[in-house]
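Chemist: The following block contains the structure, expressed as structure tokens.
What follows is calculated from the coordinates using simple rules that are stated; it is not laboratory data. This one's a predicted model, so the numbers in the text were calculated from it and none came from an experiment. A quick note on method: Cβ atoms are made from the backbone with ideal geometry, for glycine too, and the neighbour counts reach across all protein chains shown.
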Amino acid sequence: MLTKERRKEIIKILNKNEEPLKGTALANKFCVSRQVIVQDIAVIRAQGHNILATSTGYIMPKLNTKNKNIKTIVCRHEGYENMEEELKIMVDMGAKVIDVIIEHSVYGEIRCPLMISSRMDIEDFIEKIRNNKGEPLSSLTGGAHIHTVEVPNNRAYNKIIELLTKKGYLIKGE
């Protein structure tokens, strides 16, 4: 398969997938190295396609939020254990954690896609951070951060707020 054809096929695959797709899965599908896929993604992005690299793979976000219950949650905590507990509270109530946002005093808003919707996603995310000796993005703001979440209904959202409040993670004013 020619490079142009492979890139067109990658766009088609990412367009139809609702969940992130790992670079290694794409590499295996096209019998190329993961590095070739990384280069393909860079070229596809340069052509104007919106592809996010998340901790769980590549995804083309769908802008259609119609019939989706999208909320933001403002939290503060520090450390891996609290981060893991916060994420578990959300996914256990059926939420998909779309991203994390911080308001940095110098750089302004920094947003990182997460696309976490299960405990397995949380385990993978935490493992990746620890293995790479990474720090949570919120470490730049004293633990303060915002999550964009998709919740199944308002009851689930209210339960998330209740549980995060009990843990002391929710910043007042939410």
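Chemist: Could you tell me the relative contact order of the stretch 3-59? Use alpha-carbon pairs under 8 Å, at least six residues apart, and round to a whole percent.
Modeler: It comes to 43 percent, rounded to a whole number.
Chemist: Can you pull the three principal axis extents for the Cα set of the chain, in Å, largest first?
Modeler: Result, largest extent first: 55, 37, 31 Å.
Chemist: Turning to a different aspect of this structure: When only C-alpha pairs under 8 Å and at least 6 residues apart count, what is the relative contact order of the chain, in percent?
Modeler: Answer for the chain is 26 percent.
Chemist: Could you state, as a whole-number percent, how many of the C-alpha pairs of the stretch 1-80 are farther apart than 18 Å?
Modeler: The answer is 48 percent, as a whole percent.
Chemist: Here's something else I'd like to know. Dipole of the chain (Lys/Arg Cβ +1, Asp/Glu Cβ -1, origin at the Cα centre): which of ILE160, VAL91, LEU14 lies farthest to the positive side?
Modeler: Checking the options against the dipole of the chain, the answer is LEU14.
Chemist: If you don't mind, there's one more thing I want to ask. Beyond 29 Å between alpha-carbons counts as too far, so tell me which of LYS68/LYS167; LYS29/LYS68; LYS68/LYS133; LYS22/LYS167 fall in that bin.
Modeler: Those over the limit are LYS29/LYS68; LYS68/LYS133; LYS22/LYS167.
Chemist: Could you state the principal axis extents of the C-alpha atoms in the stretch 69-167, from the largest down, to the nearest angstrom?
Modeler: Result, largest extent first: 36, 28, 24 Å.
Chemist: By count of other Cβ within 10 Å, fewest leading, how are GLU86, GLU123 ordered?
Modeler: In order of increasing Cβ crowding within 10 Å: GLU123, GLU86.
Chemist: Taking H placed 1.01 Å from N in the peptide plane, check which residues at least 5 places from TYR58 or on another chain put their amide H under 5 Å from its amide H.
Modeler: Long-range HN contacts for TYR58: LEU21, LYS22, GLY23.
Chemist: Along the charge dipole of the chain, which of CYS31, ILE129, SER117 sits closest to the positive end, that is, farthest toward it, with unit charges on the beta carbon of Lys, Arg, Asp and Glu (+1, +1, -1, -1)?
Modeler: CYS31
Chemist: Quick one: putting +1 on the C-beta of Lys and Arg, -1 on the C-beta of Asp and Glu, what dipole do you get for the chain around its Cα centre, in Debye to the nearest 20?
Modeler: The dipole of the chain has a size of about 700 debye.
Chemist: From Cα pairs below 8 angstrom and at least 6 apart in sequence, can you work out the relative contact order of the stretch 69-167, rounded to a whole percent?
Modeler: Relative contact order, the stretch 69-167: 45 percent.
Chemist: In whole Å, how far is the Cα centre of the stretch 27-50 from that of the stretch 63-140?
Modeler: 25 Å
Chemist: Taking amide H atoms as placed 1.01 Å from N in the peptide plane, list the residues 5 or more away in sequence, or in a different chain, whose amide H sits under 5 Å from that of TYR169.
Modeler: Under 5 Å from the amide H of TYR169 lies no amide H from a residue far enough along the sequence or on another chain.
Chemist: Turning to a different aspect of this structure: Treating only the Cβ atoms of Lys and Arg (+1) and Asp and Glu (-1) as charged, compute the dipole magnitude of the stretch 3-59 about its Cα centre; round to the nearest 20 debye.
Modeler: Dipole size: approximately 160 debye.
Chemist: Could you list MET1, MET90, MET115 in order of exposure, starting from the residue whose Cβ has the fewest other Cβ atoms within 10 Å?
Modeler: MET1, MET115, MET90
Chemist: Which of the trypsin sites (Lys or Arg not before Pro) found in the stretch 113-156 are loop residues per DSSP with 14 or fewer other Cβ atoms within 10 Å of their Cβ?
Modeler: Listed in order of number, the matching sites are LYS133.
Chemist: Could I ask something else about it? Treating only the Cβ of Lys, Arg, Asp and Glu as charged (+1, +1, -1, -1), what charge dipole size does the stretch 69-167 show about its Cα centre? Round to the nearest 20 debye.
Modeler: Taking the Cα centre of the stretch 69-167 as origin, the dipole is about 240 debye.
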